[in-house]
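Step one of this worksheet: look at the structure below.
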Amino acid sequence: MGRRARPHRAGRPGRAGGRRPDRPVRRRRRAARGHRGLTVPRAAVATPRDLTGRTVVVTGAGRGSIGLATARILADWGAEVVVTTRSAPVPAPLGDAVAWHPLDLADRDSVDAFAAWLLDRYDGRLDTLVNNAGIHLDLRSTWTEPPLVDGHEIHWRTNYLGTVQLTRLLLPALLARADDGGEARVVHVVSKLHRRGSNVALHDGVEPYDSWAAYGTSKLALVHDAAELYRRHGDRGLRACSVHPGSVFTHIADHGLETSPVLGRLRALAAPLERRILLTPEQGAQTTLHCVADPDVRHGYFRDCAPAEPSVDALDVVAAQQLWERTDAWLTETR
Ligand SMILES: NC(=O)c1ccc[n+]([C@@H]2O[C@H](COP(=O)([O-])OP(=O)(O)OC[C@H]3O[C@@H](n4cnc5c(N)ncnc54)[C@H](OP(=O)(O)O)[C@@H]3O)[C@@H](O)[C@H]2O)c1
């Protein structure tokens, strides 16, 4: 069936007789679709807020990452932002407006040094900690024996223990800010793959070993940690969330496939297609931004800028409490 021509198509956007005005909501949606226009998936969009006067740490802001996009947008919203990578200096698009410091979550001395630098720089006060850095290695599931760091499986050591070490070192600064200003926030970037983890594996390890289950278990532990942080400190004004960013085109899979040069090359060839079907880093940042900035967000698991249901294991309060206590011992052991 043919369409009838409309009489007033020629007018410019926002002018009488033309298309409807370009309202802020539509502009935001278009921005979140990214520069590739309609070909990329739609994503929920966080409402921009004025974050002037708030200091936000975003870990893992390497080139092309969700963390970099998150930091850039937070700086646009007025926040004072600190980003980390393991060694490369702050990526160029962020420029001077954002401070950078090295941080390796798998190295306790590096975590200690970063926390000490931050506490000194910001006088023992921090508004928001975005624990975004993470790894997902061995995407081909070829490992039967995983690499160990300080005696722990590498995803567990990096994604969970390193993140929690940092969070506990910065907790006094977050609580000090909550006492002064009424609130402080922790946002753990997790994954819907936390469903591949289990509460049994939190304590006994993934048996038989599978890197996807190990990644999932490290993220499940972070969902528990956010929930437990809120249960323990919510009454003082600490808000704590975990976030699934969506399936996002970043460098995470490069590292996961680096053991296979052939698959790495195939992936490079498929990159244009992947870019079309995955979210952009800016889109992947939206739920984190929502949890950092929305005044109504207090705790829970979020995806698409809205509360969501985590796995059944993630709702087990006793498992979360036991994990918290056992983590104290693990963190002491790695000293
Ligand atoms: N991409 C997705 O589809 C997806 C889906 C679900 C969840 N996530 C989660 O989203 C977060 C961001 O991932 P991404 O996709 O943006 O990946 P990415 O491009 O690989 O970025 C990950 C960042 O984490 C940092 N990092 C890695 N190992 C580290 C360590 N040992 N210590 C400190 N920092 C470390 C990297 O630092 P360097 O710059 O030094 O390499 C990098 O900046 C991760 O937690 C990931 O699990 C991603």
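Coordinate-derived values only; no laboratory data. These numbers were taken from a predicted model, which means no experiment stands behind them. As a convention, Cβ positions derive from the backbone with ideal geometry for all residues, glycine included, and neighbour counts pool all protein chains shown.
Regarding region 153-219, what's the average projected area of the Cα-atom convex hull, expressed in nm²?
So the Cα hull casts an average projection of 5.0 nm².
So how tilted is helix 66-76 from the main axis of the chain? Cα-based, degrees 0 to 90, rounded to 10.
Once rounded, one gets 60 degrees.
Using 0.36 nm per residue of separation minus the Cα-Cα distance, give me the extension gain between V312 and R267 in nm, one decimal.
In short, 12.8 nm is gained.
Counting DSSP beta bridges in region 50-333, what percent are antiparallel, to the nearest 5?
Approximately 10 percent, going by the DSSP bridge assignments.
What angle, in degrees between 0 and 90 and rounded to the nearest 10, separates the Cα long axis of helix 163-181 from the longest principal axis of the Cα atoms of the chain?
70
Using a simple spin-label model with points 7 Å from Cα along the Cα→Cβ vector, what separation in nm is obtained for R231 and T52?
Computed distance between label sites R231 and T52 equals 4.0 nm.
Please identify the cysteines of the chain that lack any partner cysteine with a Cβ under 4.7 Å from their own Cβ.
Lone cysteines by the Cβ rule: C305.
For region 268-335 and region 108-153, compute the distance between their C-alpha centroids and round to whole Å.
Cα centroid of region 268-335 versus Cα centroid of region 108-153: 15 Å apart.
Using Cα springs under 10 Å in a Gaussian network model of the chain, which residue among S87, S191, S211 shows the largest mean-square fluctuation?
S87
Among L175, L166, L263, which one shows the highest mean-square fluctuation when the chain is modelled as a Gaussian network with alpha-carbon springs under 10 Å?
Checking each option, the largest mean-square fluctuation is seen for L263.
Can you list the HN-Hα couplings for region 308-322, worked out from phi with the Karplus curve (6.51, -1.76, 1.60; θ = phi - 60°), rounded to whole Hz and with x for Gly and Pro?
9, 8, x, 5, 4, 4, 5, 8, 7, 5, 5, 4, 5, 5, 5
May I ask for the Kirkwood hydrodynamic radius of region 50-333, worked out over all distinct Cα pairs and given in angstroms to one decimal? Mind dumping the intermediate values first?
Details: mean 1/r = 0.0530 Å⁻¹.
After inverting the pairwise mean of 1/r, the radius is 18.9 Å.
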